[in-house]
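The structure appears right after this line, and notes come after that.
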Amino acid sequence: MPSSSLRLKTTLFTNYLIHGFGMIILTQNLVKLSHHWNSSLTVASFVLSGIGIGRLVAYLLMGFISDQFGRKTTLLIGMTTYLIFLVATPFNSSVALAYALAILAGVANSALDSATYPLLAEINKNGTSNSVLLKAFISLGEFILPMIVLFLSQNNLWFGLSFMVPATLMALNLANLLPLNVRQSQQVIEEADLQGLVISRPKKVALSGGLFVYGYTSMAVMIWFTQWITIFAKKIGFSTTVAHFLLSLYSLGSITGVITVVVLLNRFNLKKPVFVTLNALSLLAITTITLSTNADLSAVAAFVFGFSAAGGLMQIALNTLLSIFPRHKGMLTGTFFIFGSLASFSVPIITGLLVKMPHTNIMAGDIIVAFVGFLVALIMLVTLPPENSSLADARKSINKIDSKLIALLEERFAAVNDVHKFKQTGQIAIKDLNRERQVLDNVAKKTKNKDLVPYNQAIVQTIMDNSRQYQASLK
Ligand SMILES: O=C(O)C(=O)C[C@]1(C(=O)O)C=C[C@@H](O)C=C1
């Protein structure tokens, strides 16, 4: 790996560690901040919604900027706005400005996403495991920040230091990024890569449509669980300790899942089986949680649910989407995350309505969400071209393709036989160089991956040479 690429990756992962801090920094300091703003806790928690608004408003714009003006520009926008949010928030004493700063944090988040996911896909051909790793850095940030907040409060230190730690990291990270030539680190984005996956149009439509739906369900399935599991567990008679423990097991499962998925995807070409298996596991786990009245069984299911549903599935789906339409990675990332943001917005409303209805099992709705996610995984299974995880596997694929080619060649020779009959009747020469040129032009036009044109043309030329020999052999 070139050193510039390693340096760029360090910047990207550090950004997401800081983003892990950023995700919970307002909630972790909410009481202190509300005093600072001279407001009630209710008003202070309203400020949190600014982040969601900022994300929703900015995703498409940032996606556009990322595609049109480059990943580095978008990264700089994201990092600078994050820095302003982190530095200004602890000093600010106006609620209105706090809301504006929260919106800025949302904008920063959307800029980072719109630049980072496309960049990771471009730096590494198989960028899925790196995208999943981003989630691990977010979790690490979310794990560290509460400890910093606790340390500051126990030692009577200024709460604003918890903002200054990520702000300092962000400033250093900006200094690290500024001199970098990101285009060079992106390496050569070959024409072949820009063509995207070679699959039929209907398959492309089905897969990309499914993946956008997955942008919603993958987020919704987690929010639904995390929002209700404690209340649900108490309602079905589990002790308060068990009820809270289920959420911790979910988080533990999530971190284990992310690490497992990163290792699996790094070592083997297993994207499809991993995606389908984890979706099946998440469906099974949430069904178990919904129906179980046994605390031990629910505990195992909560861990498995975190492992699968929160183990980086969203990142795998986004990465697959980017591989279908590589020319518009920024806009696609933005749109995908808008679906996710819609889930954060709508799930609390939907579940809020459901919970008012008598005799409803609030977790049952999450089974439906997980089931839709599983259906998308099945669509991926049938539409994505096969990945070969070993030499033997790759050769098996070649054998299958060769069988199809042979059948097609036999069909072609049958057509050549007909051509030959017409030529004999009309006393026309076998060799027709004009026709051969037409055929080769057609090959160039039909070949999607332009790097392959000379090879495909050479193959078809050989076929025509043999077609002539075959015709000469016929009586
Ligand atoms: O189309 C013809 O005239 C053919 O004879 C068939 C064919 C071919 O195999 O495509 C073979 C020889 C000619 O030189 C051109 C094309």
Check your understanding: Which helices (runs of 4 or more DSSP H) sit wholly inside the stretch 191-295 and have at least 2 residues that are in contact with a Ser or Thr (Cβ under 8 Å, 6 or more places away or on another chain)?
Key -> 201-235, 240-267, 271-291
Review point. Restricting the search to the stretch 451-472, which residues are within 13 Å of the ligand (Cβ to nearest atom) and open to solvent by 80 Å² or more (accessible area, probe 1.4 Å)?
Key: I459, Q469
**Study point:** Residues located in the stretch 125-165, provided they are in a loop (DSSP other than H, G, I, E, B) and more than 27 Å from S5 (Cα to Cα)
**Key:** N155, N156, L157, W158, F159, G160
Study note, to complete from the structure: Matching residues in the stretch 415-450 (more than 10 Å from the ligand (Cβ to nearest atom), closer than 30 Å to R201 by Cα and open to solvent by 40 Å² or more (accessible area, probe 1.4 Å)) number 6
Point to revise | S473 being farther than 30 Å from A206 by Cα, of a type in the set (S, T, N, Q) and touching a Phe, Trp or Tyr at 6+ places or on another chain (Cβ under 8 Å) | key: no
Exercise for review: Please find, among S49, S93, S4, the residue that is surrounded by fewer than 19 Cβ atoms within 10 Å (Cβ to Cβ) and part of a loop (DSSP other than H, G, I, E, B).
Suggested key: S93
Review point. Based on what the data block shows, is I148 surrounded by 16 or more Cβ atoms within 10 Å (Cβ to Cβ), under 30 Å from L30 (Cβ atoms) and over 22 Å from the mean Cα position of the chain (by Cα)?
Key: yes
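The values are calculated or read from the model by the stated rules, or taken from the named source; none is laboratory data. These numbers come from a predicted model, not from an experiment. Ideal geometry is used to build each Cβ from the backbone, glycine not excepted, and the neighbour counts take in all protein chains shown. Calculation scope for accessible area: heavy atoms of the full protein, side chains included, ligands and nucleic acids excluded. Shrake-Rupley method; radii C 1.70, N 1.55, O 1.52, S 1.80 Å.
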